[in-house]
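Scroll down for the structure; my scribbles are underneath it.
The values are calculated or read from the model by the stated rules, or taken from the named source; none is laboratory data. Here the structure is a predicted model, which is why all the values come from computation and not from measurement. For neighbour counting, all protein chains shown are included, and Cβ atoms are generated from backbone atoms with ideal geometry for every residue, glycine included.
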Amino acid sequence: MKFSRHMNAGSYSLPSEGAAGGSYKYIEVKIEKAVARISLNRPERHNALILEMIAELDQALDEISGRNDLLFMVLSGNGRSFCAGADLNWFYGSDENNQEENAARYKHLADLLLKLYQLPLITIACARGNVFGGGIGLMAACDFVLAEANTRFMFSEVKLGLLPATILPFVAKRLSVQNLRKWILTGSLFYATEAHQAGLADILYEEDQLQKTLSEFLNSFDAGAPSAVKRAKNTINQVTSGAIGVNDTGLTAVILAEALSSPDGQEGIQAFLEKRKPNYSLIPNPSPKEKGAGATNSENLNI
């Protein structure tokens with residue numbers, strides 16, 4: 001990969017102890033220059049989600065969200081599958097709780113998906129193997145999805161007497177109403193080609209070609225200013241959520257003015273006028289408004 005203007009030398013893993021003092025058991029986190037790579041790590045269970053894994057993912061997102069040297073987060077799964085949804089033992093064990101207690105448990109997944117959706121980095125899911133239920137939710141909450149050509153998808157909830165309530169708001173941002181009806185109401189299996197055609201996956205790659213495909217995709221962002229890319233993602237999310245509408249002319253004018261006065265904005269305009277390639281510095285510190293949900297102060301991270 002390129003990104004020489006964004007990257008620090010070398011790569012390393014986050015320490016085993018996170019902000020909460022516990023160790024990562026169900027995920028792996030590795031920093032590769034401007035890229036934070038998070039891997040789900042329950043390969044023997046096809047990376048099925050349990051509460052402990054959700055908590056570790058939540059903590060990892062907090063730890064990387066405040067890092068000004070990072071531009072990307074890549075989410076993948078160790079073993080044969082990206083994520084086969086929620087572990088049924090987790091659901092089955094919840095029959096000991098009342099409805100309010102169960103709702104509180106499942107809210108952890110909904111909150112994680114929201115934090116992933118709002119993460120102030122460019123997020124990329126790398127799907128393979130079986131991607132069912134909650135695994136599709138993790139995918140859909142990311143900005144981009146790369147899927148291996150033989151990946152299998154399924155909204156399996158209705159077959160279990162359940163429904164995909166926590167993931168639906170994020171999946172609905174990618175799929176048409178008719179595709180939602182077709183795949184959620186039937187619980188039928190579908191494949192990467194169909195997912196790609198429907199907009200659930202952005203890029204397909206052949207087996208053993210993930211690293212090449214991912215590298216090429218990351219390099220496609222190389223021309224943009226890091227702060228502009230992050231601001232643009234935040235603004236897209238605000239517009240698509242309805243927080244910014246066509247009547248908010250004053251707000252959109254302020255957003256553009258702030259971008260123009262930023263160091264990257266000044267450098268980009270000056271480079272254009274001087275007919276040279278811009279020399280963007282390391283990613284500037286984002287303002288508190290731009291950090292988004294779950295952001296933390298990078299000075300407090302034990303990284």
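Some points to look at:
- The set of residues in the range 114-123 being out of contact with any Cys (no Cβ under 6 Å at 6 or more places or on another chain) and surrounded by 22 or more Cβ atoms within 10 Å (Cβ to Cβ) consists of LEU116, LEU119, PRO120, LEU121, ILE122.
- Tally, over the range 34-79, of residues that are within 25 Å of PHE221 (Cα to Cα), β-branched (Val, Ile, Thr) and part of a helix (DSSP H, G or I): 1
- Selection within the range 130-161: residues that are surrounded by fewer than 16 Cβ atoms within 10 Å (Cβ to Cβ) and among the aliphatic types (A, V, I, L, M). The member of this set that is nearest to the chain's Cα centre (by Cα) is ALA149.
Every residue, every condition in (1) outside the structural domain of HIS108 (by TED's automatic domain parsing); (2) more than 14 Å from TYR26 (Cα to Cα); (3) out of contact with any Phe, Trp or Tyr (no Cβ under 7 Å at 6 or more places or on another chain), yes or no:
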position: ARG42; (1), (2), (3): no, no, no
position: ILE50; (1), (2), (3): no, no, no
position: GLU63; (1), (2), (3): no, yes, yes
position: LEU71; (1), (2), (3): no, yes, yes
position: CYS83; (1), (2), (3): no, no, yes
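- Residue among GLY129, GLY137 that alone is within 29 Å of GLN238 (Cβ to Cβ) and modelled with pLDDT of 95 or more: GLY137
- Within the range 184-211, tally of residues that are under 18 Å from the mean Cα position of the chain (by Cα) and of a type in the set (D, E, K, R): 1
- Residue satisfying all of: in the range 162-183; buried (at least 19 other Cβ atoms within 10 Å of the Cβ) and over 20 Å from the mean Cα position of the chain (by Cα); nearest to SER81 (Cα to Cα) among these: TRP183
- Hits in the range 129-144 (condition: out of contact with any His (no Cβ under 9 Å at 6 or more places or on another chain) and without any contact (Cβ under 8 Å) to a residue 60 or more places away in the chain): VAL131, GLY133, GLY137, ALA141
- Residues of the range 117-167 that are out of contact with any Phe, Trp or Tyr (no Cβ under 9 Å at 6 or more places or on another chain) and polar (S, T, N, Q): GLN118 alone.
- Single residue of the range 206-240 satisfying the filter (of a type in the set (S, T, N, Q) and over 23 Å from ALA34 (Cα atoms)) that is surrounded by the fewest Cβ atoms within 10 Å (Cβ to Cβ): THR240
- Screening the range 125-183 for strands (runs of 3 or more DSSP E) wholly inside it with 1 or more residues that are in contact with a helix residue (DSSP H, G or I) (Cβ under 6 Å, 6 or more places away or on another chain) returns the ranges 144-148, 152-154.
- Matching residues in the range 184-205 - criterion: being surrounded by fewer than 17 Cβ atoms within 10 Å (Cβ to Cβ) and part of a helix (DSSP H, G or I): LEU185, THR186, THR193, GLU194, GLN197
- Among the residues making up the range 206-233, those that are farther than 25 Å from GLU194 by Cα, touching a residue at least 12 places away in the same chain (Cβ under 8 Å) and not in a helix (DSSP H, G or I) are PHE221, ASP222, ALA225.
- Single match in ALA243, ALA259 (criterion: surrounded by 15 or more Cβ atoms within 10 Å (Cβ to Cβ) and of a type in the set (Gly, Ala, Ser)): ALA259
- Index of the failed condition, GLY79 passing every other in (1) touching a Pro at 6+ places or on another chain (Cβ under 6 Å); (2) within 23 Å of LEU160 (Cα to Cα): (2)
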